[in-house]
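Written out below as structure tokens is the structure these notes cover.
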Amino acid sequence: MEAADRLGRPFGADASPTNPMPSSLPLFLALLGGGDDPIYPDPPPGRPPVRALEEASAVDEAGMRPYSELLAGSEVRFDMLPIPGGRFEMGSPAGEADREDWEGPCHAVDLSPFWIGRCEVTWDEYHEFMLRLDIVRREGGTVEAQPSDPWADAVSRPTPPYVPMDFEMGVEDRPAVCMTQFAARQYTRWLSMKTGRFYRLPTEAEWEYACRAGTDTAYSFGDDVEQLGEYAWYFDNADDTYHPVGRKRPNPWGLFDMHGNVSEWVLDRFDPGFYAEAAEGAEGGPPRDPLAWPVELYPRVVRGGSWDDDPELLRSAARRGSRKGWKVQDPQLPKSIWYLTDAAFVGFRVVRPLVEGSDAERERAWGPDLDGVRDILARQRTGGR
């Protein structure tokens, strides 16, 4: 059963589609400046300064180490783990239980080294961006200005939602949810501006490689679904809610919640034939760092399964495409470019490639990829809707 079908109560116990405003909404909007949209400055030329962090300064794969990054002007940290480059078999083998046709054929993929978030992005991290807390503290005189502020302040932030997007499931140490893929990409732009390091969403291949962690079984711990509860929050054990990150056992590379808790955005479109094309084109060698760039709003890929999913959707190779139904109860026309009112099971984690790439490659990973989204964003940057 689809998660959106199971939820059936996206506004919590004291709200409904006809009365969708929980009592906490006035305070929530007050935190956002009363609902007024900011007018954004243009960024300075060039790239922002790199915030000094020795552990994060590797120039080759041999020098890559785990590191912990502090969001300047806050007490919020996130941890990044190095993932070595290499080759793996992507996709689900033909004999795997509950396999879908679009999960195959299995095909070899070569990947460059990268770092990936040890955990899913939490509300503590996402609220710094979404609620403009970095700007609020600076304007209130509680933190000092940072050299990167002119770049970070120029990044578009989400407009105020009409309900709190945690849907009363809690925020402390819990994964941020209900953001569109575009919103997640904008977060990675903002994070890159804050730190001077290039953060983005993972590609689908990077995500599966990190999830498998050298394994070729249905899950990173093997094929025994009876062990799933030790590693994942899913329908059978989650009690209809997401949970604080990092409470279950990690995969062999130390990554938490790659199975379950919340599904995770990747950069790719959902293309049922992409694996077959990759396999057919492999005569000259496996593709390196493949990515199926989106060309339409739907469907785009989420991975890993969620607290509201059955075990088969938590398999390492399981793929799922986004859909219009994830915004059914959004009252706006056109629908929000920032929020998913009916997908309290979708979040994300970040990656950082060892080789950062060109300005054009960075912009493609961050920016809007459809004219309709660009138009709405342009209006919002000048204070409109």
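Please verify whether the range 248-259 includes one or more residues that are in a strand (DSSP E or B) and aliphatic (A, V, I, L, M).
no
Condition check ((1) in contact with a Phe, Trp or Tyr (Cβ under 8 Å, 6 or more places away or on another chain); (2) surrounded by fewer than 18 Cβ atoms within 10 Å (Cβ to Cβ)) across all residues:
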site	(1), (2)
Gln227	yes, yes
Pro244	no, yes
Phe256	no, no
His259	yes, no
Ser263	yes, no
Val266	yes, no
Glu277	no, yes
Ala292	yes, no
Ala317	no, no
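Looking at Met169, Met165, which one is out of contact with any helix residue (DSSP H, G or I) (no Cβ under 9 Å at 6 or more places or on another chain) and either among the hydrophobic types (A, V, I, L, M, F, W, C) or modelled with pLDDT under 95 (or both)?
Exactly one of Met169, Met165 is out of contact with any helix residue (DSSP H, G or I) (no Cβ under 9 Å at 6 or more places or on another chain) and either among the hydrophobic types (A, V, I, L, M, F, W, C) or modelled with pLDDT under 95 (or both), namely Met169.
Out of the residues in the range 154-193 that are of a type in the set (Phe, Trp, Tyr) and outside any helix (DSSP H, G or I), state the one that is nearest to Gln329 (Cα to Cα).
Tyr162
Looking at Trp115, Trp102, which is the one that is within 30 Å of Ala317 (Cβ to Cβ), touching a Pro at 6+ places or on another chain (Cβ under 9 Å) and part of a helix (DSSP H, G or I)?
From the options Trp115, Trp102, the qualifying one is Trp102.
Output the residue which, of all residues in the range 366-380 that are of a type outside the set (A, V, I, L, M) and in contact (Cβ under 8 Å) with a residue 12 or more places away in the chain, is surrounded by the most Cβ atoms within 10 Å (Cβ to Cβ).
Selected residue: Trp366.
Taking the range 166-201 only, how many residues are farther than 23 Å from Trp151 by Cα and crowded, with 23+ Cβ neighbours inside 10 Å?
Adding up the residues that qualify gives 4.
Taking Trp151 as the residue in question, decide whether it is in a helix (DSSP H, G or I), in contact with a Pro (Cβ under 6 Å, 6 or more places away or on another chain), aromatic (Phe, Trp, Tyr) and surrounded by 18 or more Cβ atoms within 10 Å (Cβ to Cβ). Can you show your working first?
Details: in a helix (DSSP H, G or I): yes; in contact with a Pro (Cβ under 6 Å, 6 or more places away or on another chain): yes; aromatic (Phe, Trp, Tyr): yes; surrounded by 18 or more Cβ atoms within 10 Å (Cβ to Cβ): yes.
Yes.
The values are calculated or read from the model by the stated rules, or taken from the named source; none is laboratory data. Everything numeric here is computed off the predicted structure, so don't read it as measured data. Cβ coordinates were reconstructed from backbone atoms using ideal geometry, including for glycine residues, and neighbour counts include every protein chain displayed.
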